[in-house]
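Visitor: Quick one: the structure is below, and I'll ask about it shortly.
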Amino acid sequence: MATAAAPLLEVRGLCKRFGGLVALDRVSFQVREGEIRGLIGPNGAGKSTLFKNIAGFYRPGAGEILLAGRPISGRPPYEIAGLGVVRTFQETTLFQELSVMRNLEAGCHLHASSGLFRALLGLDRERLERQRQAAGRILDFVGLRERRAQLASELPLGSQRALALGIALLAKPRLLLLDEPFAGMNPAETAHMMELTRKVRRSGITIVLVEHNMKAVMGLCDFVTVLNFGRLLAEGTPESVRRDPAVLEAYLGSAAGGTERASC
Amino acid sequence: MNSASRRHGWWLAAAVLLPALAALPFFLPFHRQDFMIFLLLDVMLVVSYRLVTLSGEWSLIHMVLMGCGGYASALLSKRADLLVWLSIPLAALLTAAVALLLSFPLLRMRGFYFLIGSYAAGEAVRLAWKYFVYPFGGPKGLKLIPPLELQLPFLEQPLSFVEPIPFYLLLLVVTCVSLLLLYRLEHSRIGLTLHMVHWQPSLAEAVGVNSWRYRTLAFACGAFFAGLAGALFVHYLGSINPNQFAIGEMLYILVWVIIGGTRTFAGPVIGVVVLSVLNEIFRQYDEWRPAIYGLILLLSMRFLPDGLESLPGRLRGLWRRRVAAAQG
């Protein structure tokens, strides 16, 4: 693996404010190639905002985001996807009205799209064939072969998440951003999704995930980054973070803070 | 799946329908021939409009884009003395270019804002035709627009396409080719990408789709075929004026598409054919026509909210239930 080279993802002094609210305050961290990184923190800590900044859905207020040493901040999402950063969504975002296979084919856009005239003249057959093959490979990878003709809306939650992951994989990411991939899952589905995530890493893709399911985070991640009130609170291996007094306080304190906020 | 058999069905339908459609005007009186011509033009309009709706936008400028094609071809052939056979495709391309230009301000907006924005832009263009006497002829428009003619070696006189039957046959060919191209486009990778942009814009962007580019593509391609229809129309009629492209005409396109249904390619075609034929049948009850038309709209919205395209499926469901009830 790349040891001496630049980290795959580097976030430097990232700031983002919404009006008077400071969502991210000088956040800096690095993710090495091949890592699974967990991003945790109480609700409202800025995890999702950070994700949206990295994936280009928000424009950072200040600071820089570098992918393998190249700045990517400020570009639109589709360009960032083209550079190899692909995100998934918190709510299971799929084409509910399309079949599993068609959903996967949709994910192939970056590598199978062709121009207007090729499409009109039917010169895109070869690309469509490549698209079908790529989709078929991912179909096996995420274990949805038997369900390929089913509509996405008919799938159970675990399979829907696997499908969403498959769509993201078809954009051939170097860095995959998973937004709460385990939310709402039962233990069996969680275990399956964890195994799938490890498989993705083994295929050479670096993963950053936002997650509230601590069991999954602790079992899966090499390193964990903790955010609180938009600031970097702690960073380290799952064990060290779990024992960090600042982290413990943030989680307990935020529970109190949460009720305060809810009451006003 | 049975997409192959469905494709066979299409080809079979085309093989029966096309010769029938080509022969039809020979058995019709003059005013019915005219009706068929306008029906084909309207088919081109709704099907090109469908491309815009595929990207998730409803526009109110489509009729004006048709007018752009008409004015462009009229001006090119009348004032610039360009051969009509050249001015028509050129006008279609120009219409696409106009749409491309308009897409910079318009496609920054989405949904309702785009709808209103497209209406405003359309009216601006239309009123420009109305107020600039040179070159557009003002409210009276342009007249004496050169017709399409074809010099054939075995005819003394050139074949003139102001006669309904030759024009109808030419239009039938152009319409079929346009429909084929638009059908291909919808079922190509581009069609899938437009579906993505329409239904999950964030997911589309996240996997690398430049949604603005695809919405522009749909808008400009739709404009090309609307412009083509407009350019053909103007050389048949020999005149053009701004009122032909007013918002009232645009509303017809919306009604046809909505009543026909938006899920399938055939939906808008079914809508325009059924409603136009009904409108023609009730021609003799002229004063009752708007009321009858309105009633049909209300009934179909109430009982067929998914459009006329959903009727065969519904009947099949009804039949199956009947059979099940009879057996049970």
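No value in this document is a laboratory result; all are computed from the given coordinates. Owing to the predicted nature of the structure, the values given are computational and were not obtained by experimental measurement. Neighbour counts run over all protein chains shown; Cβ positions are idealised from the backbone, glycine included.
Visitor: Which FRET efficiency value, to the nearest 0.05, is calculated for residue A:91 and residue B:303 with the Förster distance at 30 angstrom and r the Cβ-Cβ distance?
Guide: 0.30
Visitor: How big is the Rg/Rh ratio for the stretch B:29-244, C-alpha atoms only, Rh by Kirkwood, two decimals?
Guide: 1.01
Visitor: Extension gain residue A:242-residue A:146, at 0.36 nm per residue separation less the Cα-Cα distance, in nm?
Guide: 30.6 nm
Visitor: Next up: Working from Cα positions, state the angle (0 to 90°, nearest 10) between the long axis of helix A:125-141 and the longest principal axis of chain A.
Guide: Approximately 50 degrees, to the nearest ten.
Visitor: What relative contact order, as a whole-number percentage, does the stretch B:246-328 give when Cα pairs under 8 Å and 6 or more residues apart are counted?
Guide: Relative contact order here is 31 percent.
Visitor: Restricted to Cα positions, what overall size does the stretch A:1-115 have along the principal axes? Three whole-Å values, descending.
Guide: Principal-axis extents of the Cα atoms in the stretch A:1-115, largest first: 42, 38, 28 Å.
Visitor: Could I ask something else about it? Taking the dipole about the Cα centre of the stretch B:246-328, with the C-beta of Lys and Arg at +1 and of Asp and Glu at -1, give me whichever of B:256, B:325, B:312 is farthest to the positive side.
Guide: B:325
Visitor: I would also like to ask the following. At 7 Å along the Cα-to-beta-carbon direction for both residue A:212 and residue A:28, put a label point, then send me their distance in nm to one decimal.
Guide: Label at residue A:212, label at residue A:28, 3.2 nm between them.
Visitor: Gap in Å between the Cα centre of the stretch B:154-203 and the Cα centre of the stretch B:28-90?
Guide: Here the answer is 11 Å between Cα centres.
Visitor: Any idea what log10 I(q)/I(0) is at q = 0.12, 0.13, 0.19 Å⁻¹ for the stretch B:120-228, Debye with uniform C-alpha scatterers and no solvent?
Guide: Here the Debye-derived log intensity ratios amount to -0.74, -0.81, -1.04.
Visitor: Something else about it: If one takes the longest principal axis of the Cα atoms in chain A, at what angle in degrees, from 0 to 90 and to the nearest 10, does the Cα axis of helix A:157-170 lie?
Guide: 70 degrees
Visitor: Follow-up question, since we're still on this one. What does the net charge come to around residue A:185 if you take all other residues with beta carbon closer than 12 Å to its beta carbon, with K and R at +1 and D and E at -1?
Guide: Result for the local shell: -1.
Visitor: Connecting C-alpha atoms closer than 10 Å in a GNM of chain B, tell me which of B:42, B:81, B:306 has the biggest fluctuation.
Guide: With Cα springs under 10 Å in chain B, the top fluctuation among B:42, B:81, B:306 is at B:81.
Visitor: So how far apart, in nm, are the two label points at residue B:279 and residue B:23 if each is 7 Å from Cα heading toward Cβ?
Guide: 2.9 nm
Visitor: So what is the orientation-averaged projected area of chain A, using the convex hull of its C-alpha atoms, in nm²?
Guide: 16.1 nm²
Visitor: If you don't mind, there's one more thing I want to ask. How crowded by other chains is A:52-59, given as the mean number of beta carbons from other chains within 10 Å of each beta carbon?
Guide: That average works out to 1.
Visitor: Sticking with this one: For the stretch B:246-328, state the average projected area of the convex hull of the C-alpha atoms over all orientations, rounded to one decimal in nm².
Guide: So the mean shadow area of the Cα hull is 6.9 nm².
Visitor: Where Lys and Arg each count +1 and Asp and Glu each count -1, what net charge lies around residue B:236 among other residues with Cβ under 11 Å from its Cβ?
Guide: Summing Lys/Arg as +1 and Asp/Glu as -1 gives -2.
Visitor: Follow-up question, since we're still on this one. Express in % the proportion of alpha carbon pairs of the stretch B:1-70 at distances exceeding 14 Å.
Guide: Counting pairs separated by more than 14 Å, the tail of P(r) holds 74 percent.
Visitor: Count charges around residue B:107 for me, please; just the other residues with Cβ under 11 Å from its Cβ, Lys/Arg as +1, Asp/Glu as -1.
Guide: The answer is +3.
Visitor: Can you work out D for the stretch B:139-188 in µm² s⁻¹ from Stokes-Einstein, where Rh is the Kirkwood radius over C-alpha pairs, the temperature is 20 °C and the viscosity is 1.002 mPa s?
Guide: The diffusion coefficient I find is 159 µm²/s.
Visitor: Now for a different question. Please name which of B:64, B:36, B:88 has its Cα lying farthest along the dipole of the stretch B:29-244 towards the positive end, using unit charges on Cβ (Lys, Arg +1; Asp, Glu -1) and the Cα centre as origin.
Guide: Checking the options against the dipole of the stretch B:29-244, the answer is B:64.
Visitor: Next up: If you take the Cα Rg of the protein assembly as shown and divide it by 2.2 N^0.38 Å, with N the number of residues, what do you get?
Guide: 1.18
Visitor: Does the stretch B:190-241 classify as rounded, prolate or oblate by the C-alpha gyration tensor (a ≥ b ≥ c root eigenvalues; a/c under 1.5 gives rounded; else a/b over b/c gives prolate, otherwise oblate)?
Guide: Taking the square roots of the gyration eigenvalues as a ≥ b ≥ c, the stretch B:190-241 is prolate.
Visitor: I want to check the label-to-label distance for residue B:30 and residue B:108. Put each point 7 Å from Cα in the C-beta direction and report it in nm to one decimal.
Guide: 5.3 nm
Visitor: Let me ask something else about it. Using a Cα-Cα cut-off of under 30 Å, which lysines could be cross-linked to residue A:47, ignoring same-chain neighbours fewer than 8 residues away?
Guide: Straight-distance partners of residue A:47: A:16, A:172, A:199, A:215.
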